[in-house]
């Protein structure tokens, strides 16, 4: 075999294993070796060496029954936000450093039911709050496309570890999550594909919540086709999640690329900016292939950011209220439960504590109406405005981020500065739209950048049709970018 | 400190009380998980699921039976149903709260603006209800000297919180309301409402006012019985009045009732004035109740105790006090409904007395009633047609309960038919007069009415004794007076 095993796509490797041309144990071993080789990237919090071996062997014992599964023996990484039975789940937080769930989240159970092998739990910003994976209590994660030195760049966040794991060929795909851009942004920074389905499409049962009305499980892979294979196994009915839509999910793997006659909305003032020329070139290429470009107006992005951080911080405050040093104890002591609670919560990551404080502030009876209620009203307006836009276009295309990955050591003078990185991704979360980020170029610094596609709520089909078309028209090569050396 | 109410000018002070009542709905499982809703007298932390202990990533699954029971209760309390209601999180930190927030309905509760009729001393008092909403119960804390333990069996059990308008004006009104509420809940089978088991809990909000002077409102907790509630209200009222009479201000706070001293005291912990940071529950969609749902689940109004009481008053002339005693006990209530139309107007009062006296007493001691309505009617017919006396009827009833025989069977077996034959009665009276000459003589020579009455009573007793209690007392009394008069006339003339 001329090609390294880990360099195959998910679709290819599963096919090879199903045909018996390569052994699943070999595949797994190669991935585990790659994890070991790249451990300085710190993409994994927990590597499931023993468990994944056992799982592979178990699948092989009943190979006749399992062979046809779409993820047969495929090593997949899982963001450490999803509860995996008997496998440590930390949400990259000190508080959960020794937490071993007794239950399996619906998403991970679904992929396992289709043959996937969970190879490890990936690094992230603690509890999903952050856009750089530098707010992890287990150390920062490094972008595999950059060096390990002073110029090391962030992989993006909060699903930085998942993106790094996929981009460094240690797994054929990764489960991630997206609340404000946490799947699309790291996908763009690491030159891979990141998909965020509509809210209410995939069950959140067993997923540690950050902002429940915005959180969605997502997927990262090295191609759109690969991401569809994984997504198809994640979607489906789950009676444990009452916010799930009852609509039958589409079979994304069966979708054919389509571009001719598709109406694509674009935001003029964003495309005029120099760093977004990759998206502009992409759109012009699509136009040549028959797409119809339509300029659109979107709601103000600064207002959207403020709205997002108001709502998500309020929900974060609520979801974090249970960590009081008594149930998920951190060995902090005190004479009263209040004291224990106070001491224990000092172990919480500073960025998370910041959000909790904002959340408590906006929900306080004094500010509730002026801040929180107002933010919800604005969110409803944003949703209506975007619904109206999709009356006249099939999808909206825009860059995923304002710039390439920044330095890990970059000092944001003001936390709000980091929040502004979410500007381009945020509207899709607020308006419950599905979104996908595809790598569409390199910057002058040889760092990847990506373009995102949004479609109407529950219209993942349109988004994937065009994404697959882009994959054919402007193929992106990850290989030329990898630059880490150990 | 006790307050000498005689010295206080309590006349012009008025009381304002509002109640927050927590009712445990008698569903088989909890409000948001399928764990069994059992927590009394069982192994701790046995009936729990991941949701009830706040496990990470677990989401609530709404129990539709709880919604139905909440709906039925709201309709029975004449509340207007919010056809779109929603759930919210109420945040506070305490070890027995698994997520450190309670899922409740703050912004849009299931029912608003209703009322229930109660009666005190036969006078109707309508209590207005502000709102009712669904929420979760918390776990239980057990404190020992060296450690505290949490039992989550109770965590997640469905509660309906019912809030009255602050318009109750006396302890009696409060107790009447709670009794009526309890009876209603049991009648419509949405809660067993047993206060001792904590299935019905009330917090009292109390203030006093006089003319334009309004005292601050105080909340009282830890009230575990109707008696405690009564005592607490009385103590608080006096305490407030005493403070205000001295031109001081009442502190707005939460106080605990102490059942051994019958007083309230300030809560030592800083739990007051918490900001609950209410936020809509993002994991639950809006609760939609259609007009069709309401039609389907509504309990017919003739099964609602307050309506039954009004109906019995109007239709049968039964006083509310008496009606309510019967309504409170389901067996008696049903018995009345099944039999009253077969009882004639003049016997109605006696029948009610029998139900309240004999039947209810039996149920209270035996917790069941083995006699069916048809059998009871047969017994009543025997009584009202004077075949047996009241005393005999009571005896027959006991025998019927013990043996399962019918009234006629018991009467026959015991040979109890009342002696109504005037000749037989005359014979009995004559015999007694002959066998008690001393008493008859004493009667003739008696100087006071009281003494005469006593002697007559003695002679009556002898008549009843000879006849083994079967002589018709009315007849005996008639003939005895006649006989005594006859003897008296003979004595005067002779």
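The values are calculated or read from the model by the stated rules, or taken from the named source; none is laboratory data. Nothing here was measured: the structure is a model prediction, and the numbers come from that model. Heads up, the Cβs are rebuilt from the backbone with ideal geometry, glycines too, and the neighbour counts pull from every protein chain shown.
Couple of notes before you dig in:
- Annotation: of all residues in segment A:341-373 being touching a residue at least 60 places away in the same chain (Cβ under 8 Å) and more than 18 Å from residue A:126 (Cβ to Cβ), the one that is nearest to the other protein chains (Cβ to nearest Cβ) is A:372.
- Test: residue in segment B:20-34 that is away from every other protein chain (no Cβ under 14 Å), at pLDDT 95 or above and over 30 Å from residue B:295 (Cα atoms): no
- Residues of segment B:151-163 satisfying the condition of being assigned to a helix (DSSP H, G or I) and over 22 Å from residue B:189 (Cα atoms): B:152, B:153
- Taking the criterion of being surrounded by 15 or more Cβ atoms within 10 Å (Cβ to Cβ) and either in contact with a strand residue (DSSP E or B) (Cβ under 7 Å, 6 or more places away or on another chain) or outside any helix (DSSP H, G or I) (or both), the residues of segment B:299-308 that qualify are B:299, B:304, B:306.
Residues are listed down the side, and each one gets a yes or a no for (1) modelled with pLDDT of 95 or more; (2) more than 20 Å from the chain's Cα centre (by Cα):
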position: A:416; (1), (2): no, yes
position: A:422; (1), (2): no, no
position: A:434; (1), (2): yes, no
position: A:470; (1), (2): no, yes
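- Any chance residue A:58 is at negative phi and at pLDDT below 95: yes
- Of all the listed residues (B:118, B:104), the sole one being surrounded by 19 or more Cβ atoms within 10 Å (Cβ to Cβ) and out of contact with any helix residue (DSSP H, G or I) (no Cβ under 9 Å at 6 or more places or on another chain) is B:104.
- Test: residue B:182 is assigned to a helix (DSSP H, G or I) and either out of contact with any strand residue (DSSP E or B) (no Cβ under 6 Å at 6 or more places or on another chain) or crowded, with 22+ Cβ neighbours inside 10 Å (or both): yes
- Restricting segment B:27-41 to residues that are part of a loop (DSSP other than H, G, I, E, B) and touching a strand residue (DSSP E or B) at 6+ places or on another chain (Cβ under 9 Å), the residue that is nearest to residue A:206 (Cα to Cα): B:32
To keep it simple, each residue is scored yes or no on (1) part of a loop (DSSP other than H, G, I, E, B); (2) in contact with a strand residue (DSSP E or B) (Cβ under 9 Å, 6 or more places away or on another chain).
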residue	(1), (2)
A:409	yes, no
A:412	yes, no
A:417	no, no
A:429	no, yes
A:454	no, yes
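- Note on segment B:79-150: enclosed strands (runs of 3 or more DSSP E) holding 1 or more residues that are closer than 28 Å to residue B:35 by Cα, within 12 Å of another protein chain (Cβ to nearest Cβ) and touching a residue at least 60 places away in the same chain (Cβ under 8 Å) are B:88-91, B:101-104.
- Any hit, segment B:59-69, residues being more than 14 Å from chain A (Cβ to nearest Cβ), surrounded by fewer than 20 Cβ atoms within 10 Å (Cβ to Cβ), touching a residue at least 24 places away in the same chain (Cβ under 8 Å) and assigned to a loop (DSSP other than H, G, I, E, B): no
- Residue under evaluation residue A:77, criteria (1) surrounded by fewer than 24 Cβ atoms within 10 Å (Cβ to Cβ); (2) at pLDDT 95 or above; (3) touching a helix residue (DSSP H, G or I) at 6+ places or on another chain (Cβ under 6 Å), criterion not met: (1)
- Applying a threshold of 7 Å to beta carbon distances and a minimum spacing of six or more residues, or different chains, the list of pairs starting in segment A:286-305 at a residue that is touching a residue at least 60 places away in the same chain (Cβ under 8 Å) and ending at one that is surrounded by fewer than 14 Cβ atoms within 10 Å (Cβ to Cβ) reads A:289/A:260; A:294/A:392.
- Selection count where residues are in a helix (DSSP H, G or I) and either within 12 Å of chain A (Cβ to nearest Cβ) or touching a strand residue (DSSP E or B) at 6+ places or on another chain (Cβ under 6 Å) (or both), scope segment B:48-58: 3
- Between A:338, A:394, the distinction of being modelled with pLDDT of 95 or more and either within 12 Å of chain B (Cβ to nearest Cβ) or under 30 Å from residue A:438 (Cα atoms) (or both) belongs to A:394 only.
- Listed here are the helices (runs of 4 or more DSSP H) enclosed by segment A:299-390 that have at least 3 residues being buried (at least 18 other Cβ atoms within 10 Å of the Cβ) and within 28 Å of the chain's Cα centre (by Cα): A:301-320, A:350-363.
Table: residues versus (1) over 36 Å from the mean Cα position of the chain (by Cα); (2) at pLDDT 90 or above.
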position	(1), (2)
B:380	no, yes
B:391	no, no
B:399	no, yes
B:405	no, no
B:419	yes, no
B:425	yes, no
B:431	yes, no
B:434	yes, no
